[in-house]
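Below is one structure, written out as structure tokens, with a few remarks after it.
Every number here is computed from the coordinates shown, using simple stated rules; none is lab data. What you see is a predicted model, and the numbers here were worked out from it, not measured in a lab. With ideal geometry, Cβ positions are generated from the backbone for all residues, glycine too; neighbour counts draw on all protein chains shown.
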Amino acid sequence: MKKIISLLLALILLFSLSACSSTKGVDARLIFPIDRDPLFLDPQIISDTGAKNIILNTFEGLVTLGEKGEILPGMAEKWDVSSDGKTYVFYLRQDSRWRVTAAAKRVLGDDEIQLYSTYNEKGKLNPIEEGKDVFNITVTAHDFVFGLRRALRPETKCPTAYKLYAITNARAINEGLMPESDLGVSALDDHTLKITLENNDPDFLYTLLEPSCMPCNEIFFEKTGGRYGLATRYLIYNGPFYINNWADDSSVSIRKNADYYYDAKNVMPYSVYFSINDEQDTRLRKLKNETYDITPFNEMQAASIEGSRSYRFDSFDSAMYSLIFNCKDTYLSNIDVRRAIASGFNFNLIQADFNKDTAQHVFPSAMTIGTEPFGQLTKKFTAYTATDAKATLRKGLNAIDKNKAEIVLLCKTADEIFARKLIQNWQASLGVILNVSVEITDENTLRTRIKKGEYQLALGEISYGGNSPQDAALRFTSDSRDNISGYSSTGYDEVVKAIAQADGGVAKAKAIEKAESYLSGAAVVLPIYEVKSYVAYGKGISGIIYNRTGDVLYFRNVLEE
């Protein structure tokens with residue numbers, strides 16, 4: 001019954017939004033698709049792109065992003081950094097407040113709780129009514145201390161906890177070896193936060209953009225009784241928007257937050273409606289019929305709107321066309337079988353079939369460390385050769401007690417000819433002990449099956465979101481929810497943990513290079529060529545702010561003329 005009611009509400013909301021599609025300026029109502037309905041919206045736990053887009057528009061961290069991808073003040077209006085780059089002191093705004101909805105107030109205790117901020121809008125202390133408990137709605141340094149400590153608690157199971165390992169004692173706390181009170185994060189007073197690092201991390205300010213670094217009010221968190229982020233009533237917000245509706249399996253909508261005090265008047269759209277839709281082909285169609293205002297899409301679809309006066313799009317170097325191995329498959333769970341197949345790959349086909357340059361890295365080379373493209377700081381990917389590939393395959397098959405490998409290569413229709421050429425090449429180099437057949441499917445089904453691990457070997461695009469190649473490396477860790485390969489290796493996990501603990505940009509580049517080498521050596525994914533990802537939007541829309549790879553959009557300045 002709950003889902004039926006939620007669906008009806010969502011349909012009513014969608015029709016009302018469509019009817020108001022002519023609404024412009026600061027009252028604009030925008031519609032944007034995301035892949036799936038979030039299971040929860042707890043900033044310290046989420047990992048999928050759709051949830052990140054919702055959270056990073058309803059919460060704000062110490063810093064935020066500008067239109068050129070630069071770091072700007074967020075909840076902190078300024079900060080100091082020590083000469084060795086290991087100590088940060090953030091000075092928080094004193095007029096930033098939590099948005100506590102009526103439902104969230106009931107979670108706090110309704111009539112027994114008085115919402116209170118240290119100072120009201122006239123700069124004077126608010127009176128406290130006698131006999132009432134007080135909930136301070138001011139966003140303080142203590143909220144950031146609690147948020148970061150909670151992200152690193154072992155029981156939280158934060159999927160991006162590794163990224164915080166530059167902070168003093170963070171790794172030991174995350175592994176349960178030290179108490180969270182020893183974390184190098186402290187509130188010097190209500191509006192001053194100090195963070196000490198074990199090493200100089202050039203990406204640290206970008207790390208602070210992560211959902212795991214968002215503030216969390218301890219009193220409210222405890223009042224939710226373990227249900228924080230499971231429904232709108234179990235969340236309070238400090239960003240430019242707040243969640244006003246969450247319809248199961250259908251949509252999430254956010255609305256302009258009048259309590260985003262220090263910059264509320266400059267938030268442009270009135271609301272953003274996140275529609276659940278993971279079908280790439282329908283997204284572009286809905287953009288063209290003006291159901292969607294903004295939508296992500298892929299390189300193949302770019303040609304259909306290129307040169308159009310009705311749409312514009314931004315492109316990002318954040319995806320790799322790759323051969324992906326399902327490491328949970330009976331045959332491909334063996335590293336020697338994977339290595340043999342990778343060794344038999346003919347890279348000479350890339351230029352001939354796609355007119356593309358062969359990939360030089362496992363991750364997109366334009367991803368940056370600090371402000372430098374990491375591809376310029378690291379060694380290039382070394383392609384496999386077919387030398388001894390047949391002997392390697394036999395060794396792998398013997399280990400799993402098989403005489404022959406039966407593999408199905410999954411690909412989209414447009415790649416069928418290329419796939420069959422690959423099979424001919426494998427037959428020539430590996431012989432009859434490897435039997436590969438092709439399964440052709442549409443692009444949406446391909447994406448879905450790769451995500452669910454319903455394949456053996458696949459040709460497809462891997463989109464690497466985030467702010468650095470460290471985010472790309474995290475995709476393949478054992479506990480990653482986005483690990484499409486099913487790869488699990490404690491050795492690789494250690495390599496990834498070491499990235500955040502590297503001291504300085506050069507050391508970080510070497511650590512990322514080691515992660516790439518690990519993945520290529522284990523034949524988890526074989527990069528073929530780099531591709532772009534895109535975001536398209538109507539001609540009258542402006543002011544979109546993106547993270548470095550374009551998978552997270554900040555809507556606070558979006559204007560529809």
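Using the count of nearby Cβ atoms within 10 Å as a rough guide to exposure, how do M178, M367, M214 rank from fewest to most? Display every interim value, and only then the final one.
Details: M178 15, M367 24, M214 28.
Ascending Cβ contact count within 10 Å gives the list M178, M367, M214.
Pop the C-beta distance of L72 and S47 into the FRET formula with R0 = 30 Å and round what comes out to the nearest 0.05. Write down the numbers at each step before the final one.
Working: r = 25 Å, r/R0 = 0.82.
The pair L72/S47 has a calculated efficiency of 0.75.
Going Cα to Cα from K390, which lysines come in below 17 Å? Please leave out same-chain ones fewer than 8 positions away.
Partners found: K402, K404.
Can you give the extra length, in nm with one decimal, that the chain gains between T282 and D84 once fully stretched, where that is 0.36 nm per residue apart less the Cα-Cα distance? Let's see the in-between values first.
Values: separation 198, 0.36 × 198 = 71.28 nm, distance 5.08 nm.
Between T282 and D84, full extension yields 66.2 nm more.
Which entries of K86/K223; K256/K514; K497/K539; K194/K539; K328/K379; K395/K514 show an alpha-carbon separation above 32 angstrom in the structure shown?
Working: K86/K223 35 Å; K256/K514 44 Å; K497/K539 43 Å; K194/K539 44 Å; K328/K379 29 Å; K395/K514 26 Å.
Table pairs above 32 Å Cα-Cα are K86/K223; K256/K514; K497/K539; K194/K539.
Sort all Cα-Cα distances of region 60-227 into consecutive 5 angstrom bins from zero, then give the percent of pairs in each bin up to the one containing the longest distance.
Whole-percent P(r) values from 0 Å outward: 1, 8, 16, 20, 19, 15, 10, 7, 3, 1, 0.
On a full-extension model of 0.36 nm per residue, what is the gain between N266 and V408, subtracting their alpha-carbon distance, rounded to one decimal in nm?
Details: separation 142, 0.36 × 142 = 51.12 nm, distance 5.37 nm.
Length gained between N266 and V408: 45.8 nm.
According to the Cα gyration tensor, what semi-axes, each the square root of 5 times an eigenvalue, does the equivalent ellipsoid of the chain have, listed from largest to smallest in whole Å?
On the way: eigenvalues 368, 160, 88 Å².
In descending order, the three semi-axes are 43, 28, 21 Å.
Which FRET efficiency value, to the nearest 0.05, is calculated for E439 and K105 with the Förster distance at 56 angstrom and r the Cβ-Cβ distance?
Working: r = 54 Å, r/R0 = 0.96.
Step by step, r from the Cβ atoms, then E = 0.55.
In terms of Cα to Cα distance under 12 Å, which aspartates and glutamates are near enough to K421, apart from those fewer than 8 places away along the same chain?
The reachable aspartates and glutamates, counting only those whose Cα sits under 12 Å from K421, are D353.
Between S315 and L177, how high is the FRET efficiency from 1/(1 + (r/R0)^6) when r is the Cβ-Cβ distance and R₀ = 30 Å? Nearest 0.05.
Working: r = 44 Å, r/R0 = 1.47.
Plugging the Cβ-Cβ distance into 1/(1 + (r/R0)^6) gives 0.10.
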